[in-house]
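The values are calculated or read from the model by the stated rules, or taken from the named source; none is laboratory data. Predicted model, so just to flag it, every value in this text is computed and none were measured. Neighbour counts run over all protein chains shown; Cβ positions are idealised from the backbone, glycine included. Protein only, heavy atoms only, side chains kept; ligands, DNA and RNA dropped before computing areas. Shrake-Rupley method; radii C 1.70, N 1.55, O 1.52, S 1.80 Å.
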Amino acid sequence: QVQLVESGGGLVQAGGSLRLSCAASGRTFSRYAMGWFRQAPGKERDFVATITWSGGSTSYADSVKGRFTISRDNAKNTVYLQMNSLKPEDTAVYYCGRGRGSYYSVVSDEYDYWGQGTQVTVSS
């Protein structure tokens, strides 16, 4: 069984930065793509960023492109989301997910394990 544990959320002012981490259990972390999604109150879970198994390719939602960076450290079984220039509309619960395969996906159905989520609140 794979477990994903997110951390690093919190309250920050607009324009500030946060770095989210997602630690994965198991020995097969490096074989799979990873992704970050977010869900605001009353809304669906939306794609934020994703990264291939090697970290060689990434993809971002248009709303975060140029502000957020996804990365991974396969030796530490951890994926990160560096969030800069945060805006109030970035406020949401952020979830990391493990892809079903090694290449990235922007579709939540292509992820089979999820963390419990970490709250990010950006004040104006």
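Between L81, L20, L11, the residue with the greatest mean-square fluctuation in the GNM of the chain (Cα pairs under 10 Å linked by springs) is L11. Computed over protein heavy atoms with a 1.4 Å probe, the accessible surface of the chain works out to 51 Å² per residue. With all protein chains in place and a 1.4 Å probe, the accessible surface of the range 76-124 carries 45 percent carbon and sulfur.
What is the spin-label model distance, in nm, from Y103 to R31 if the labels are put 7 Å beyond Cα along the C-beta direction? So the label points at Y103 and R31 sit 1.9 nm apart. Excluding same-chain neighbours fewer than eight residues apart, the lysines reachable from K65 by a Cα-Cα span under 17 Å are K87. Charges were assigned to the Cβ only: +1 to each Lys and Arg, -1 to each Asp and Glu. The resulting dipole of the range 26-124 about its Cα centre is roughly 300 debye. Straight-line cross-link partners of K43 among the aspartates and glutamates, defined as a Cα under 16 Å from its Cα and at least 8 positions apart when in the same chain: E89, D90.
Summing charges over neighbours of S63, with a neighbour being any other residue whose Cβ is under 11 Å away from its Cβ, gives 0 when K and R count +1 and D and E count -1. 3J(HN,Hα) couplings calculated from phi for the range 31-44 with the Karplus curve 6.51 cos²θ - 1.76 cosθ + 1.60 (θ = phi - 60°) are, in sequence order, 8, 10, 5, 10, x, 10, 10, 9, 9, 8, x, x, 10, 7 Hz; Gly and Pro show x. The label point for V5 and the one for D46, both projected 7 Å from the Cα toward the Cβ, are 3.0 nm apart.
Of the peptides 89-96, 36-43, the order by per-residue mean of other Cβ atoms within 10 Å, starting with the highest, comes out as 89-96, 36-43. Along the Cα-to-C-beta direction of S63, a point sits 7 Å from the Cα; which residues of the range 10-27 have their amide N less than 20 Å from that point? Under 20 Å, as judged by backbone N against the label point of S63, lie 10-21 of the range 10-27.
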